[in-house]
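Worksheet for the structure shown next.
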Amino acid sequence: MDVKTAARVLDVLNLFAEAQKPLLYSEIAAQMEIPLSSCHGLLKTMVARGYLYEIGKKHGYYPTQKLIHVATLICRSDPLNAVIEPVLARVRDITGETALLAKLADDKVVYLIVAESKQTIRFSHQPGGFKAVHATSSGKALLSVLSEDERQKWFKTYPGFASYTETTLTSQAAFERDLRAGIQRGWQRSLGENVEDVMSISLGFKAYEQPFAIVVAGPLGRMQKNEATTGQQLKEVKALLYAALPSANLTFVGEDSR
């Protein structure tokens, strides 16, 4: 459940990221659908904390450099980023496709780190972006490392199996059949189930008792052609993860922790 004030602060920052220009507080209030008085108070607070500045009465507000400074300090000390980024870069280089680290965030998949493919036509996504669990290989991989009891408990709170494309799995039964097939195969896959013409292959694992997934994503035709090779390459990535996270109590489906 969102805390309204915190959500509004984040919405303001996202609004500037989308607009990429100064905005009047009346424009911000209209975009966020909040009262002018509430918006004015919110912006004044962000100005007082050094995250926004007012260019001029008729020229609007814009974020200060404090935002990037604080974000850089935070990201520099991210305990996972330093060790997983090289792993994702290696996955990207050996597969030729975009590699991502995914984690469960309540009833969604969130992408934490992204290493974009160097190919001209590629899958692109921002860190912090969300996807539906039932329509992604990452979602299947994340649920695959849960116990059967944990998985069934999780399903009880899932909001529904919405259709995104013609190939989206729109029932729990269909999803679980596909998940079991992926466990037997050794990797999970999504064939245009969230975005048409995009395929992804994922390897789920637990680290620090939490579910994570390494994801490889790219154009459907190219990914289908290379699926078997990419799946085997992901299996080989296990050794990289063990080396990168020696004290994380890593576990994979069908394997004991080391």
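Projecting the Cα positions of Gln233, Gly192, Ser38 onto the charge dipole of the chain (unit charges on Cβ atoms of Lys, Arg, Asp and Glu, taken about the Cα centre) puts Ser38 furthest along the positive direction. For the chain, a crude dipole built from +1 on the beta carbon of Lys and Arg and -1 on the beta carbon of Asp and Glu, taken about the Cα centre, is about 500 debye to the nearest 20. When the chain is treated as a GNM with alpha-carbon contacts under 10 Å, the residue of Gly160, Gly96, Gly204 showing the greatest mean-square fluctuation is Gly160. Here the accessible area is traced with a 1.4 Å probe on the protein chains. For segment 14-67, carbon and sulfur cover 52 percent of it.
I need the Kirkwood Rh of segment 42-181: take the reciprocal of the average 1/r across all distinct C-alpha pairs and report it in angstrom. The Cα-based Kirkwood calculation yields 18.3 Å. Pairs of alpha carbons in segment 195-258 separated by more than 14 Å make up 59% of all such pairs. Think of a 1.4 Å ball rolled over the protein heavy atoms: segment 1-148 then has 57 Å² of accessible area per residue.
If I stretch the segment between Ile55 and Leu67 completely, what's the gain in nm (0.36 nm per residue apart, minus their alpha carbon distance), one decimal? So the extension gain works out to 2.7 nm.
Hydrodynamic radius of segment 67-129 by the Kirkwood approach over all distinct alpha-carbon pairs: 12.7 Å.
To put it simply, the accessible area of segment 117-258 at a 1.4 Å probe is 49 percent carbon and sulfur. Taking Lys225, Lys238, Lys140 as the candidate residues, the one with maximal mean-square fluctuation in a Gaussian network model of the chain, Cα springs under 10 Å, is Lys225. From the square roots a ≥ b ≥ c of the eigenvalues of the alpha-carbon gyration tensor of the chain, which class results: rounded (a/c under 1.5), prolate (a/b over b/c), or oblate? Since a/c reaches 1.5 and a/b is larger than b/c, the shape of the chain is classed as prolate. In deg cm²/dmol, rounded to 500, what helix-only [θ] at 222 nm does the chain give when every DSSP H run of at least 4 residues adds -39500 (n - 2.57) and the total is split over its residues? Calculated at 222 nm, the ellipticity per residue is -14000 deg cm²/dmol. Rank Leu143, Ala105, Trp154 by how far each Cα sits towards the positive end of the charge dipole of segment 67-166 (+1 on Lys, Arg Cβ; -1 on Asp, Glu Cβ) and give me just the farthest. Farthest towards the positive end: Ala105.
Projecting the Cα atoms of Tyr208, Ile94, Leu80 onto the charge dipole of the chain, computed from C-beta unit charges around the Cα centre, puts Leu80 farthest toward the positive end.
Which of Ala132, Ala244, Ala29 moves most in a GNM of the chain, Cα contacts under 10 Å? Of Ala132, Ala244, Ala29, the Gaussian network model singles out Ala29 as fluctuating most. Classified by the C-alpha gyration tensor, segment 1-67 has a rounded form. Its axis ratio a/c, with a ≥ b ≥ c, is below 1.5. Taken along the Cα-to-beta-carbon direction at a fixed 7 Å, the label points for Asp107 and Glu166 span 2.9 nm.
The values are calculated or read from the model by the stated rules, or taken from the named source; none is laboratory data. Everything numeric in this text was worked out from a predicted model, so none of it was measured. Methodologically, a virtual Cβ is constructed for each residue, glycine included, from the backbone with ideal geometry; neighbour enumeration extends over all protein chains shown. We work out accessible area using only protein heavy atoms, side chains counted, and drop any ligands, DNA or RNA first. Shrake-Rupley method; radii C 1.70, N 1.55, O 1.52, S 1.80 Å.
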